[in-house]
Each structure stands twice: as C-alpha cells, then as structure tokens.
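Peer 1: There's a structure below that I have some questions on.
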Amino acid sequence: MKRADLAIAMSVAIIVAGVSIHLRIEQYRFRRQAERLLSDVRELELEKADAARVRFVVRKWGFEEWRGPPTPCTEDDCMYRFQLVRKTALGRTFTDPFASGGPATVAVEWLGLRPTVVQAWLQIRANALGSVFFSLDTAGRGCNGQG
C-alpha cells in the first residue's frame with residue numbers, strides 16, 4: 001500500500017512540475033513575441049516612418065484596421081490595432097489580466113502563468129506615422145484585481 005501511495009505522489013509531483021515548466025516556457029515565448037512587437041513599433045517611431053513602412057509592420061503582425069463610422073480608413077489616414085493575448089491552459093483568453101478568473105486561473109497562476117495583454121496602436125496621418133501607442137498589462141503574483 002505504501003508503494004502505491006508513493007508512486008501516486010511521485011506521479012502527481014512529476015505532472016505538476018512538468019506543467020509548471022511548460023507554462024514557464026510558454027510565458028517566455030509570449031514575452032519574446034511582445035519584445036519583438038515592441039522593437040518593431042519602436043523602430044517605426046524612431047524612423048518617423050512613412051505609410052508604406054507602417055503598412056509593412058501592420059501586415060507582418062496582422063494588425064486590424066480600426067474603423068469608426070464617422071472616419072473610415074483611407075490610404076493616407078488610418079488607425080491600426082493589434083492585441084496579443086495569452087490563452088490559459090483551459091483555452092480561455094485573458095482579456096483583462098486584473099479580473100478574477102476563479103480557482104482554475106489561480107491554480108494556473110500558481111504554476112507559473114501570468115495573465116498578460118499586449119496592445120499596439122499605429123495611426124497613419126497624411127501618409128506618415130502619426131501616433132503610436134503600446135501597452136502591456138499583467139498581474140503579479142497574488143493580484144486579485146482589487147485596488
């Protein structure tokens with residue numbers, strides 16, 4: 001009986017360690033992707049890029065046109081939006097890293113995954129880069145979204 005209990009305990013420990021390592025690797029990949037996005041956005045801003053260079057980055061990352069009813073996109077005036085979000089092990093998407101996701105989210109966070117949302121906005125005005133916005137929201141360990 002003791003051997004069976006020991007085998008079960010060891011199996012659980014190995015599974016938990018494996019899941020934790022996997023989640024940390026995914027966290028690292030996500031961070032590297034966000035860093036590459038930030039690098040591309042910074043490069044645009046430093047160069048004060050023209051519309052063609054902005055559109056190259058927009059296509060590379062899969063930005064979407066952000067159209068408002070009063071001001072639809074034109075060739076020389078458009079706003080582009082990109083959002084990079086982390087999916088949980090359960091397939092849910094973290095859209096608000098500060099919202100409580102229940103016990104499953106707490107367990108996944110305990111294993112090493114941090115809910116994170118990265119957003120980038122680029123605006124072309126007068127056929128050149130007009131404005132840039134980049135944000136990264138993440139919750140730290142023990143953050144419950146209060147205060």
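Read-outs throughout are calculated quantities, based only on the coordinates presented, and are distinct from any laboratory measurement. From a predicted model like this one, the values you see are computed outputs, not experimental measurements. When we count neighbours, we look across all protein chains shown, and the Cβ atoms used for this are built from the backbone with ideal geometry, even at glycine.
Peer 1: Hey, can you grab everything whose amide H is under 5 Å from the amide H of residue 49? Only 5+ residues off in sequence or another chain; H modelled, so Pro and N-termini drop out.
Peer 2: For residue 49, whose amide H was placed from the backbone, the distant partners under 5 Å are 129.
Peer 1: How do 73, 78 line up, fewest other C-beta atoms within 10 Å first? Write out the running numbers ahead of the final one.
Peer 2: On the way: 73 14, 78 22.
In order of increasing Cβ crowding within 10 Å: 73, 78.
Peer 1: Right, next: Given R₀ = 30 Å, FRET efficiency for residue 136-residue 2 by Cβ-Cβ distance, to 0.05? Kindly include the intermediate steps, with their values, before the conclusion.
Peer 2: On the way: r = 49 Å, r/R0 = 1.64.
Efficiency, rounded to the nearest 0.05: 0.05.
Peer 1: Karplus couplings for region 28-44 from phi (6.51 cos²θ - 1.76 cosθ + 1.60, θ = phi - 60°), rounded to Hz, Gly and Pro as x?
Peer 2: Each residue of region 28-44 in turn: 5, 4, 4, 4, 4, 5, 5, 5, 5, 4, 4, 4, 5, 5, 4, 4, 4 Hz.
Peer 1: 5 Å is the cut-off here: which amide hydrogens, built 1.01 Å from N in the peptide plane, fall below it relative to residue 80, excluding neighbours closer than 5 in sequence?
Peer 2: It is 66, 122, 123, 124, by chain and number.
Peer 1: Here is a follow-up. Distance in nm between label sites at residue 20 and residue 84, each 7 Å beyond Cα in the beta-carbon direction?
Peer 2: Rounded to a tenth, the inter-label distance reads 2.7 nm.
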